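Some notes on the structure that comes next.
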Amino acid sequence: MMSSNAATSDKPVWQHRTTGKQLAIWFAWLVFVAVFVACWMFISNRTEWYFVYDAPRIAADIWGRATPPRWPYLDKIWKPLWDTLNVATIGTALSLVFAVPIAFLAARNTTPSATLIRPIALLFIVTSRSINSLIWALLLVAIIGPGILAGTIAIALRSIGFVAKLLYEAIEEINLDQVEAITATGASRWQIMSYGIVPQIMPAFAGITVFRWDINIRESTVLGLVGAGGIGLQLQGSLNTLAWPQVSLILLVIFIAVVISEWISAMVRRAII
Amino acid sequence: MLKITALSKRYKTGDDALKAVSLEVPDGQVLGLIGPSGAGKSTLIRCVNRLVEPTSGSIDLNGAQLQKMGSRKLRKSRRKIGMIFQEYALVERLSVMENVLSGRLGYVGFWKSLFRKFPQSDIDEAFRLLERVGLDHMVNKRADELSGGQRQRVGIARALIQNPELLLVDEPTASLDPKTSRQIMRLICELCEERGLSAIINIHDVALAKLFVQRIVGLQAGEVVFDGAPESLDSSVLTQIYGEEDWEATSKDKASENEEADPDDVNVEPSNV
């Protein structure tokens, strides 16, 4: 109602967007909807709808076969479950050893050289992050053979980038007054680090670590699918032999393990802040 | 004695923060540095201990040429210069005691400081200083649990445990209430007198400065425009430093004559001065 008044009077006109911008936004929406519809048609044409219509019946059938879970099989799961937890925990710990120095080299305010070393550190981070731990495991099983070691290293390699990225962002956000104050006392470079910077990033560090550990528990449960040890190996074996009651038991155990790990990481985070 | 000669600072942005400032501070003198925001007060005191690198000029503290020093020598000299900050700049997540002891970092090796193994003499001195500033009952509290005034007292203890020859004080009262401001200013000035310390105190509150310091230097656009006793700081001088304003008005009915007055500059002047 204001706009019609403003157009006729001398009062200054204010618009959120110019007409050109508004048109551009409409056009972008048009393109988006057109692409969406085109993709929908493409997928629809290539789907065997017969199988999809059949899906509820098959799902019900599998559910019927999978219940009740085969409880006695639990005895055979404890060991691989323990392996899985170890892969996640040791893998996370191992990643920290590399991630912490890389984070300090990558953070703009702590890097020794922003033109040379920082890009290298960032390259490490991107490389680690761009490859899923399942792929890392696939490569490592081929290189060092199947087993828990491959799984642990795969988890560690994937986690380095994750932890280092979040940690270097935390380092870049610290309060510089505190660093300045420690510098002014005549402290050395390493003392400035341990008094001015480390206390400030401790909560972030602890939060990131348990968060990644929590993710790694979930990721390590599937590493067995490619031969990297743990409970995934059992899962694959059961799937291949169509032993559905075992599959359901394993999924249930993984579910409980993940719930417990989330509960632990939530507790740790609350304790540290 | 601190002797600053033709000190200039040009920031990368091209701003001339300081234009050939020369200043002598004799031993035991408490100097109040006043001037509008952006006049270069913070830059000036940070150039003294080279938290900001001066572009040219010289800084002589008791015969040591600070501007020429390499990083090792500079750290040794910084131990002799205590610094107190506007937002206290305590390491928030460390205890009061750790914050005070951080003033000794320049005297303690890295590993000892990392494991908090400070010499007993430092710890004795820390207790003594905390008692002097009235915080001996808060030794193990975390810095972020303290009130503003208490934090600034910790900041003062941290600066004094360096056993400094000079104190650099940056807006010590800007974040405090009027009563605490006076207490903190009184404490700083008393301690300077007890120890025969010289100090440069950046301060916005002209009335407070007049009340406590022995000498006032007015900085305007990077140049010293006034240097004299607090008593000689009258309206014409204030106009010279800060620009046109009704400086005589100290209560609302008088101030209302000058409508565009910046209220911040007027109401900080207590009516009893």
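The values are calculated or read from the model by the stated rules, or taken from the named source; none is laboratory data. Just so it is clear, the structure is predicted and the values come from calculations on it, not from any experiment. Virtual Cβ from ideal backbone geometry, glycine too; neighbours counted across all protein chains shown.
Take the residues in region B:31-51 that are of a type in the set (S, T, Y) and touching a strand residue (DSSP E or B) at 6+ places or on another chain (Cβ under 8 Å), then tell me which one is nearest to the other protein chains (Cβ to nearest Cβ). Spell out the reasoning first.
Within region B:31-51, the first condition is being of a type in the set (S, T, Y), and the residues that meet it are B:37, B:42-43.
From the residues that got through so far, the ones that are touching a strand residue (DSSP E or B) at 6+ places or on another chain (Cβ under 8 Å) too are B:42-43.
On the way: B:S42: 11, B:T43: 13 Å.
Only one residue tops the list, namely B:S42.
Please tell me if A:P80 is in contact with a helix residue (DSSP H, G or I) (Cβ under 9 Å, 6 or more places away or on another chain), surrounded by fewer than 18 Cβ atoms within 10 Å (Cβ to Cβ) and not polar (S, T, N, Q).
Working: in contact with a helix residue (DSSP H, G or I) (Cβ under 9 Å, 6 or more places away or on another chain): yes; surrounded by fewer than 18 Cβ atoms within 10 Å (Cβ to Cβ): no; not polar (S, T, N, Q): yes.
Considered against the rule, which asks whether it is in contact with a helix residue (DSSP H, G or I) (Cβ under 9 Å, 6 or more places away or on another chain), surrounded by fewer than 18 Cβ atoms within 10 Å (Cβ to Cβ) and not polar (S, T, N, Q), A:P80 comes out as no.
Please verify whether region B:39-55 includes one or more residues that are of a type in the set (G, A, S), part of a helix (DSSP H, G or I) and surrounded by 24 or more Cβ atoms within 10 Å (Cβ to Cβ).
No, there is no match, as no residue in region B:39-55 is of a type in the set (G, A, S), part of a helix (DSSP H, G or I) and surrounded by 24 or more Cβ atoms within 10 Å (Cβ to Cβ).
Look at A:A154 and say whether it is within 27 Å of A:S248 (Cβ to Cβ), in contact with a Ser or Thr (Cβ under 8 Å, 6 or more places away or on another chain) and assigned by TED's automatic domain parsing to the domain that holds A:A204.
yes
Does A:V222 satisfy the criteria of being out of contact with any Leu (no Cβ under 7 Å at 6 or more places or on another chain), of a type outside the set (K, R), in contact (Cβ under 8 Å) with a residue 12 or more places away in the chain and in a helix (DSSP H, G or I)?
No: the conditions fail for A:V222.
Which ones in region B:73-98 are facing another protein chain (nearest Cβ under 9 Å) and assigned to a helix (DSSP H, G or I)?
B:L74, B:R75, B:K76, B:S77, B:R78, B:E98
So if I check each of B:S58, B:S8, B:S37, B:S42, which one is over 19 Å from B:N163 (Cα atoms) and at pLDDT below 90?
Result: B:S37 is the single residue among B:S58, B:S8, B:S37, B:S42 that is over 19 Å from B:N163 (Cα atoms) and at pLDDT below 90.
When you look at B:I241, is it modelled with pLDDT of 85 or more, β-branched (V, I, T) and touching a helix residue (DSSP H, G or I) at 6+ places or on another chain (Cβ under 7 Å), yes or no? Steps first, answer last, please.
Values: modelled with pLDDT of 85 or more: yes; β-branched (V, I, T): yes; touching a helix residue (DSSP H, G or I) at 6+ places or on another chain (Cβ under 7 Å): no.
No: the conditions fail for B:I241.
Every residue in region A:129-168 that is in contact with a Lys or Arg (Cβ under 6 Å, 6 or more places away or on another chain), hydroxyl-bearing (S, T, Y) and modelled with pLDDT of 90 or more, please.
Answer for region A:129-168, where residues must be in contact with a Lys or Arg (Cβ under 6 Å, 6 or more places away or on another chain), hydroxyl-bearing (S, T, Y) and modelled with pLDDT of 90 or more: just A:S159.
For region A:225-260, give me each residue that is part of a helix (DSSP H, G or I) and small (G, A, S). Outline the logic, then answer.
As a first pass, look at region A:225-260 and keep what is part of a helix (DSSP H, G or I): A:225-226, A:231-240, A:244-260.
Across region A:225-260, the qualifying residues are A:G232, A:G237, A:S238, A:S248, A:A257.
Restricting attention to region B:130-144, which residues are assigned to a helix (DSSP H, G or I) and within 14 Å of chain A (Cβ to nearest Cβ)?
Correct list: B:A143, B:D144.
Do you know which of the residues in region B:92-105 that are touching a residue at least 24 places away in the same chain (Cβ under 8 Å) and touching a Ser or Thr at 6+ places or on another chain (Cβ under 7 Å) is surrounded by the most Cβ atoms within 10 Å (Cβ to Cβ)?
Filtering first and then ranking leaves B:G103.
Looking at (1) surrounded by 20 or more Cβ atoms within 10 Å (Cβ to Cβ); (2) touching a residue at least 12 places away in the same chain (Cβ under 8 Å), find the lone condition where B:R132 falls short.
It is condition (1) that B:R132 fails.
Kindly indicate whether any position in region A:108-115 is part of a helix (DSSP H, G or I), surrounded by 13 or more Cβ atoms within 10 Å (Cβ to Cβ), touching a helix residue (DSSP H, G or I) at 6+ places or on another chain (Cβ under 7 Å) and not β-branched (V, I, T).
Within region A:108-115, none of the residues are part of a helix (DSSP H, G or I), surrounded by 13 or more Cβ atoms within 10 Å (Cβ to Cβ), touching a helix residue (DSSP H, G or I) at 6+ places or on another chain (Cβ under 7 Å) and not β-branched (V, I, T).
Would you tally the residues in region B:68-91 being surrounded by fewer than 20 Cβ atoms within 10 Å (Cβ to Cβ) and under 29 Å from B:A174 (Cβ atoms)?
Of the residues in region B:68-91, 5 are surrounded by fewer than 20 Cβ atoms within 10 Å (Cβ to Cβ) and under 29 Å from B:A174 (Cβ atoms).
Of all residues in region A:178-195, how many are more than 19 Å from B:S42 (Cβ to Cβ), at the interface with chain B (Cβ under 7 Å from one of its Cβ atoms) and in a helix (DSSP H, G or I)?
Filtering region A:178-195 for residues more than 19 Å from B:S42 (Cβ to Cβ) gives A:186-195.
Then drop every residue that is not at the interface with chain B (Cβ under 7 Å from one of its Cβ atoms), which leaves A:186-188, A:190-191, A:194-195.
Keeping just the survivors that are in a helix (DSSP H, G or I) gives A:190-191, A:194-195.
Going through region A:178-195 one residue at a time, the tally reaches 4.
May I ask you to list the residues in region B:154-199 that are under 23 Å from B:P119 (Cβ atoms), away from every other protein chain (no Cβ under 14 Å) and among the basic types (K, R)?
B:R195
All but one of (1) within 9 Å of chain A (Cβ to nearest Cβ); (2) of a type outside the set (D, E, K, R); (3) at positive phi hold for B:G28; which doesn't?
(1)
To keep it simple, each residue is scored yes or no on (1) touching a strand residue (DSSP E or B) at 6+ places or on another chain (Cβ under 7 Å); (2) surrounded by fewer than 22 Cβ atoms within 10 Å (Cβ to Cβ); (3) more than 30 Å from B:I84 (Cβ to Cβ).
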{"residue": "A:I182", "(1), (2), (3)": "no, no, no"}
{"residue": "A:Y195", "(1), (2), (3)": "no, no, no"}
{"residue": "A:N216", "(1), (2), (3)": "no, no, yes"}
{"residue": "A:G229", "(1), (2), (3)": "no, no, yes"}
{"residue": "A:L239", "(1), (2), (3)": "no, yes, yes"}
{"residue": "A:W244", "(1), (2), (3)": "no, yes, yes"}
{"residue": "A:I250", "(1), (2), (3)": "no, no, yes"}
{"residue": "A:W263", "(1), (2), (3)": "no, yes, yes"}
{"residue": "A:R270", "(1), (2), (3)": "no, yes, yes"}
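Can you work out which of the residues in region B:166-221 that are among the polar types (S, T, N, Q) and over 27 Å from B:R50 (Cβ atoms) is surrounded by the most Cβ atoms within 10 Å (Cβ to Cβ)?
That would be B:S181.
Which one is farthest from the other protein chains (Cβ to nearest Cβ), of the residues in region B:106-118 that are touching a residue at least 12 places away in the same chain (Cβ under 8 Å) and assigned to a loop (DSSP other than H, G, I, E, B)?
B:F118
Test each condition in (1) within 8 Å of chain A (Cβ to nearest Cβ); (2) touching a residue at least 40 places away in the same chain (Cβ under 8 Å); (3) closer than 30 Å to B:Y242 by Cα for B:D60 and report the one that comes out false.
With (1) within 8 Å of chain A (Cβ to nearest Cβ); (2) touching a residue at least 40 places away in the same chain (Cβ under 8 Å); (3) closer than 30 Å to B:Y242 by Cα applied to B:D60, the lone miss is (1).
I'd like to check something: does region A:166-174 contain any residue that is assigned to a helix (DSSP H, G or I), among the charged types (D, E, K, R) and more than 14 Å from chain B (Cβ to nearest Cβ)?
Yes, region A:166-174 contains a residue that is assigned to a helix (DSSP H, G or I), among the charged types (D, E, K, R) and more than 14 Å from chain B (Cβ to nearest Cβ).
I'm checking my understanding of the structure. Among residues of region B:197-217 that are modelled with pLDDT of 90 or more and in a loop (DSSP other than H, G, I, E, B), which one is nearest to B:Y242 (Cα to Cα)?
B:I203
Looking at B:S256, is it modelled with pLDDT under 90 and either surrounded by fewer than 17 Cβ atoms within 10 Å (Cβ to Cβ) or within 30 Å of B:S8 (Cβ to Cβ) (or both)?
Spelling it out, B:S256 is indeed modelled with pLDDT under 90 and either surrounded by fewer than 17 Cβ atoms within 10 Å (Cβ to Cβ) or within 30 Å of B:S8 (Cβ to Cβ) (or both).
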